[in-house]
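Inspection log for the structure reproduced underneath, given as structure tokens.
The values are calculated or read from the model by the stated rules, or taken from the named source; none is laboratory data. Since we're looking at a predicted model, the values are computed, not measured. Every residue, glycine as well, gets a Cβ built from its backbone with ideal geometry; the counts of neighbours run over all protein chains shown.
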Amino acid sequence: MSEVRIVQNVLKHNDEIAAMNRERLREAGVFCIDLIGAPGCGKTALLEATIQQLHGRINLGVITGDLATDRDAQRISAGGAPVVQINTGKGCHLDANQVRHAIDGIDLDGLDTLIIENVGNLICPIGFDLGQDAKVGMFSVCGGDDKPAKHPHLVYAADLLLLNKIDLMKHVRFDRDVFRRDAKALNPDVELIELSVADGRIDRWLDWLVSRPQTARATADAGKGV
């Protein structure tokens, strides 16, 4: 069997499980996000701040992926949100089967939104459907203004792009116009939100996030004939 055939079979199996994950989450009325970004871009810090700011407004759960340790899970659980850690060892991404087992550890009936914090990587996670409703790509000013052009597949796939650490823009070489132009050239319809987790400037992200569970819940109720 050729290498191409093996890869095709792996992706087909992954997509089948992803479809089951998606159906399960939609039946529960849970909106699911696959959050993808490089190490150090601020994914975990954003989740910590989000859980704190949205406490009492929507119920968030988190699945977090890392090669090793449960440090991200510890940080997130300190805010009170249910969290499941997946350690991938040498794996550079999460797959649908890992997410399927992680979902078993979360009470979906108590959730509005599930955020999957993928392994820190801008390449491998793109090709694996996890059963999410939306892909969110996260960049940071420290990563450079050329990252959308260098990682076009994330931009193509993203429903939302986040640019974090804008508070550091005056300290690093970063051309906002180049970043935005490259992103929009690749995906003209993508929404782009600039934020600074360190300074607490995440309101636009919170507004985007809060609006999503209402749609998911309405879809679930319609399916049940409510």
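Listing for the model above:
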read-out	value
Answer from Ile123, Ile116, Ile58 - the residue that is within 30 Å of Pro188 (Cβ to Cβ), crowded, with 22+ Cβ neighbours inside 10 Å and not small (Gly, Ala, Ser)	Ile116
Of residues in the range 183-226 being of a type in the set (Lys, Arg) and surrounded by 12 or more Cβ atoms within 10 Å (Cβ to Cβ), the one modelled with the lowest pLDDT	Arg217
Residue match in the range 15-22 (condition: surrounded by 13 or more Cβ atoms within 10 Å (Cβ to Cβ) and either within 25 Å of Lys147 (Cβ to Cβ) or in contact with a strand residue (DSSP E or B) (Cβ under 7 Å, 6 or more places away or on another chain) (or both))	no
Verdict on Val99 being within 20 Å of Glu48 (Cα to Cα) and touching a strand residue (DSSP E or B) at 6+ places or on another chain (Cβ under 9 Å)	no
Flag if Gly131 is closer than 25 Å to Ala73 by Cβ, surrounded by 18 or more Cβ atoms within 10 Å (Cβ to Cβ) and in contact with a Pro (Cβ under 8 Å, 6 or more places away or on another chain)	no
Residues (surrounded by fewer than 24 Cβ atoms within 10 Å (Cβ to Cβ), of a type in the set (Lys, Arg) and at pLDDT 95 or above) located in the range 149-171	Lys150
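Residues are listed down the side, and each one gets a yes or a no for (1) of a type in the set (A, V, I, L, M); (2) assigned to a helix (DSSP H, G or I):
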site: Leu11; (1), (2): yes, yes
site: Asn14; (1), (2): no, yes
site: Ile17; (1), (2): yes, yes
site: Thr44; (1), (2): no, yes
site: His55; (1), (2): no, no
site: Val62; (1), (2): yes, no
site: Gln74; (1), (2): no, yes
site: Gly80; (1), (2): no, no
site: Leu94; (1), (2): yes, no
